[in-house]
Amino acid sequence: EFMQAFWDIEAAQDKAIQLLASFVRDKSALPYLLTFMELITFAMKTHADSLKIQVDGCSLLLEILSQALEQDVVVALDENVTSSLLETVRQHSENEELLLLVCTLLMMISASGVAAENLRKVGVIPDLLSILRNFLHNEQICLSCCGVLWSLAASENNVDQAVMKSAVPVTSAVLQEHLRNGTVTESACSALWALSLQGCLSENDYEPTTALLLDALRMNPERPVLVKNACLALASLLRLSEISALRFTMDPKGSGINLIKYAYHLHFDDPEVVEYICMLINEMVQYDDIVPNMLSQKMEELLSEIKSSFPSS
């Protein structure tokens with residue numbers, strides 16, 4: 001009632017947000033805090049030019065959503081919440097600290113199919129790409145934005161091809177910039193996989209993207225999630241183009257076949273990793289020019305080993 005009665009008074013809204021934040025650590029307060037989410041975002045929208053309300057509001061929303069995630073509580077967010085966050089992004093497009101909070105929020109929100117659809121409706125993708133271009137150095141911002149891109153591109157709903165195609169070079173730039181950061185690389189690989197599934201890569205993208213994914217795999221072979229994401233993305237590219245398959249097997253830095261053999265020996269006891277490696281191998285054999293390379297690098301031995309290790313799969 002206080003927030004509704006004094007909705008136009010910045011100091012009152014800020015005081016209310018601070019008071020609500022004091023209850024966050026009390027897990028039993030979560031059901032009550034969830035009822036305030038729309039009021040918090042309304043306060044942020046009303047006082048969009050107040051950096052303090054934006055930072056405090058985003059921090060509180062993050063705390064509430066994190067608590068909900070910990071307690072397995074499903075949070076339904078309507079379009080008003082997503083449009084309010086987008087307004088914050090546009091009003092404070094140069095404030096790195098605030099954008100870090102907002103992008104993390106957007107990543108958490110986009111995990112819900114309904115929320116991802118709302119984000120698409122309010123036109124979040126160009127804003128995400130602009131943030132990535134401006135803050136390419138920020139690992140957490142890149143991680144979050146790629147997570148949102150993956151959610152939007154992987155959605156079953158129709159995507160705006162023109163907008164999503166513009167995400168390809170930006171996502172590739174993120175991957176190139178953060179190849180040594182396994183977490184960011186995992187997120188960028190998954191985004192590229194989803195973009196390739198949606199047909200967003202052009203023929204000119206196939207070879208450089210394949211090379212970039214090989215670099216990601218080469219630098220982080222010990223990370224199972226990254227191996228899975230890279231294999232999925234590579235399998236999608238090989239399915240689309242023989243150019244990708246040729247680059248995969250004859251990359252100047254070393255054959256992709258040797259890379260996946262090494263990855264298998266690191267993760268031979270992880271059925272999911274092995275499954276995605278097999279998926280990638282399956283895409284390779286469709287090209288007659290690639291099979292001799294596979295034979296010369298003793299791929300048959302690897303397949304026999306996999307078959308004996310997983311006889312029931």
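Remarks
- Label zone of T46 (point 7 Å out along Cα→Cβ, amide N under 13 Å): in the stretch 56-90 this covers no residue at all.
- The mean sequence distance of close C-alpha pairs (under 8 Å, at least 6 residues apart), as a share of the length of the chain, puts its relative contact order at 10 percent.
- Residues with amide H under 5 Å from that of M250, placed H, sequence gap 5 or more: G256
- Per-residue packing, averaged as other Cβ atoms within 10 Å, sorts the ranges 223-234, 273-284, 183-194 into the order 183-194, 223-234, 273-284, beginning with the highest.
- In terms of accessible area, using a 1.4 Å probe and ignoring ligands and nucleic acids, L34, L61 rank largest first as L34, L61.
- Here's how it looks for D78: its modeled amide H is under 5 Å from none belonging to a residue 5 or more places away or on a different chain.
- Correct option for Kirkwood radius over Cα pairs in Å [calculated from the coordinates] among (1) 21.1; (2) 20.6; (3) 23.2: (1)
- Computed FRET value (nearest 0.05) for N95 with H265, which takes r as the C-beta separation and R₀ as 41 Å: 0.30
- Relative intensity of the stretch 89-242 on a log10 scale, I(q)/I(0) at q = 0.13, 0.20, 0.21 Å⁻¹, equals -0.53, -1.26, -1.38, per a Debye sum over C-alpha point scatterers of equal strength in the absence of solvent.
- Scalar couplings 3J(HN,Hα) for the stretch 55-66, obtained by applying the Karplus form with A = 6.51, B = -1.76, C = 1.60 to θ = phi - 60°, are 5, 5, x, 5, 4, 5, 4, 4, 4, 5, 5, 5 Hz; x denotes Gly and Pro.
- The long axis of helix 96-110 is offset from the longest Cα principal axis of the chain by roughly 70 degrees.
- From phi via Karplus (6.51, -1.76, 1.60), per-residue ³J(HN,Hα) for the stretch 224-230 in Hz, x at Gly/Pro: x, 5, 5, 4, 4, 5, 5
- Spatially proximal lysines relative to K121 (Cα-Cα < 25 Å; intrachain offsets below 8 disregarded): K45, K165
- For the stretch 1-75, the average shadow cast by the Cα convex hull is 4.4 nm², which is a quarter of the hull's surface.
- Extending 7 Å from the Cα toward the beta-carbon at both M250 and S112 defines two label points whose distance is 5.1 nm.
- Extension gain (nm, one decimal) between E79 and E139, 0.36 nm per residue minus Cα-Cα: 18.8 nm
- Spatially proximal lysines relative to K298 (Cα-Cα < 27 Å; intrachain offsets below 8 disregarded): K228, K253, K261, K307
- Summed over the residues of the chain and divided among them, the accessible surface reaches 47 Å² per residue at a probe radius of 1.4 Å.
The values are calculated or read from the model by the stated rules, or taken from the named source; none is laboratory data. Keep in mind that this is a model prediction, so the values were computed, not measured. All Cβ positions, glycine included, derive from the backbone under ideal geometry; neighbour counts span all protein chains shown. Each accessible area value is taken on the protein alone, full model and side chains, heavy atoms only, with ligands, DNA and RNA left out. Shrake-Rupley method; radii C 1.70, N 1.55, O 1.52, S 1.80 Å.
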